[in-house]
Every structure is written in structure tokens, then in C-alpha cells.
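Since the structure comes first, as C-alpha cells, the remarks are kept for the end.
What follows draws every value from the coordinates through simple rules; no lab data is involved. Being a predicted model, the structure only gives us computed values, none of them experimental. Every residue, glycine among them, receives a Cβ derived from its backbone with ideal geometry; neighbour counts consider all protein chains shown.
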Amino acid sequence: MTATPQDHPEDHLSDIADILAFYLEAGVDVAVGEAPVDRFAESAAEQARSRTQRPPAVPAPDMPPPPTVSRPQASARPAPPAAPAPRSGTLSASAAGASALVTQPPDEAVMSAREAARNAESLDALRAILDGFEGCALKRTATRLVFADGNPKAKVMFVGEAPGRDEDQQGLPFVGRSGRLLDLMMAAIGLDRTSAYIANVIPWRPPGNRTPTPQETAVCLPFIKRQIELADPDILVCLGGPSAQALLATTEGITRLRGRFMDYESGTRTIRAIATFHPAYLLRTPLGKRLAWRDMLAVEAALANGH
Ligand code: URA
């Protein structure tokens, strides 16, 4: 005889937990239904429904009320059937969020990001503004905003590309495997999270750790630039090619870019910026550590020189 889930419900729950853990490991982070859903039909039905539910016109205060008809209306038409209600549940809710997000044309999203970032007078305000910002669809699939870690008053700021799974779960940048390597790299020159500030160009995890699109980067860029301006470090360290290319406005590859100090216009002053290999790259390519070590020594020397 085969045991059913009802016989041992705790085994069944632990099987489900194992399957979910496996999916998470494999990078699955969005649950979607198997049957396709026609969102256009849903929104047409929604519009039709709101048309039929429009409140009756209210007479102007100085107009006499319409005459009351006491005769029964033989020809009164039955009310039209209500349009089907939108499907309830998480998927519909997120689909509604998605349509709000995708209806903003790309250029408009970048412009509203610029304006929102400009309005932030402090790092706390910037975090709150980012938390409420709806112009980047990554926000919908991420668990939470990953704003920053470390000391915002530090002289050195490290900026990575985008949070991964561990960062998404903890809400802090560089807390997974590459974060542990970053901690070692910082420790090698006497830094830790009390003496360095850490953030990412993209503050929401891209689903399955995919590469952020150019549009997502463009929308998030005004926020990280404002974050750098408000933190006002003396030295900016770009971790990896995507971070360096976004912040230093170049298409040069990281192998050529790394190890050279460049000027970065923060908005209020010029600060020194340097790019080095991303810790995740170094985990895959340990030979690169030799060059990254040189870059960290250059950061140490610049800090010792007072800039
Ligand atoms: N990689 C990044 O670029 N940032 C993180 O926070 C973690 C991994």
C-alpha cells in the first residue's frame, strides 16, 4: 500500500520545502501559472467595468432635482451583467504592479529617476525614495532593496554591479561568497565594513542573477551617482567591468580599465576612482588575484596620501 501525504503530513511538508530550496538554488525566483493569461483582455474587462460603475451625475446645487417618476417603468432595462472581476491572488496583484511599471516609457523612467535622485537630501532620504520608486521592473522580482552596507562616512566606497541571492535575502550588498572575498581584499589593506562604504549600481537583484539590461542600468544610474555624491568618499573603487563602465561612462573592458586612477565628477567635487576585478570573477579566475592585489595596494597608497 502506498503512503499518502495524509498519513505523514510532516514528511510531505519537508518534501515541499526541499523542492522549493532546490528551485531557489537553481535560480528560480518567480512563480508563474502554467496557463497563459491574456492581460489585455483583463484590462479591457477592467475598463469596461469601471465605465459601467461610473457614479451618476450629481445635479448642480442651484438646479432643481429631476422630477420623480412614480409610475412603474415597464420598459426598464435590466442592469447589464457585471464584467468579470479581475482574478485575485499574488499573480494578478503582481501583474497589476507590472503594468504600472511597464507603462512608463524608458526615457520617462530615466527622467523620473534623475528627478527623484536629485530630490534626496541625505542617504536616508535616498534610500526611502528608492524604496518607493516604481520605474525599474527589477523591484518587482527582487525580495527587497539592497541599498548599502558599511560606513557612509568612510573615505573609500566600493561599488559592485547588482545584488545576488544572498544579498537579496539579507538586504545587504556583498554578503555571499564574493562578499567574503571582498572582505578579505579589504582586510588586506586594513579596511573592513566600519571603514568602507559598499553599494551596487543596481539595488535590486536581477532574477536568476541575469545581467541587468542597459535600460535597468540607465534607470538605476542616477541613484547610485547621487549615493556617491551624498556619501562623498575620497576614493571610489568600481568592482568589475559593468560597475566601472556605468560609473566611468566608458565601454573599455575591465582588463584595460583596472589599476589606473581616474577622475570622477561627483556633482560637488572631483574624486579619485579606480576599477578592479569583481570578486566573483576572482573566485572563478584566481590568477587575476595578483592584479587585484596590486589595485588594492594602489587604493591603500592613495588613502595614505590623503586622497
Ligand atoms: N555581486 C555584486 O556585484 N554585488 C553584490 O552585492 C553581490 C555580488
Mind checking which residues of the stretch 193-224 are under 22 Å from L181 (Cα atoms) and either crowded, with 20+ Cβ neighbours inside 10 Å or in contact with a Leu (Cβ under 7 Å, 6 or more places away or on another chain) (or both)? A196, Y197, I198, A199, N200, V201, I202, P203, W204, R205, P206
Given the structure, is Q227 crowded, with 24+ Cβ neighbours inside 10 Å, more than 10 Å from the ligand (Cβ to nearest atom) and not hydrophobic (A, V, I, L, M, F, W, C)? yes
Taking the stretch 143-167 on its own, how many of its residues are more than 13 Å from the ligand (Cβ to nearest atom) and aliphatic (A, V, I, L, M)? 3
Over the stretch 248-295, the set of residues assigned to a strand (DSSP E or B), touching a Leu at 6+ places or on another chain (Cβ under 9 Å) and either away from the ligand (no atom under 16 Å from the Cβ) or basic (K, R) (or both) is M262, Y264, I271, R272, A273, I274
Can you confirm whether A142 is farther than 23 Å from T213 by Cβ, in contact with a Lys or Arg (Cβ under 9 Å, 6 or more places away or on another chain) and small (G, A, S)? no
If we keep just the residues of the stretch 173-196 that are aliphatic (A, V, I, L, M), assigned to a loop (DSSP other than H, G, I, E, B) and more than 8 Å from the ligand (Cβ to nearest atom), which is nearest to L145 (Cα to Cα)? A196
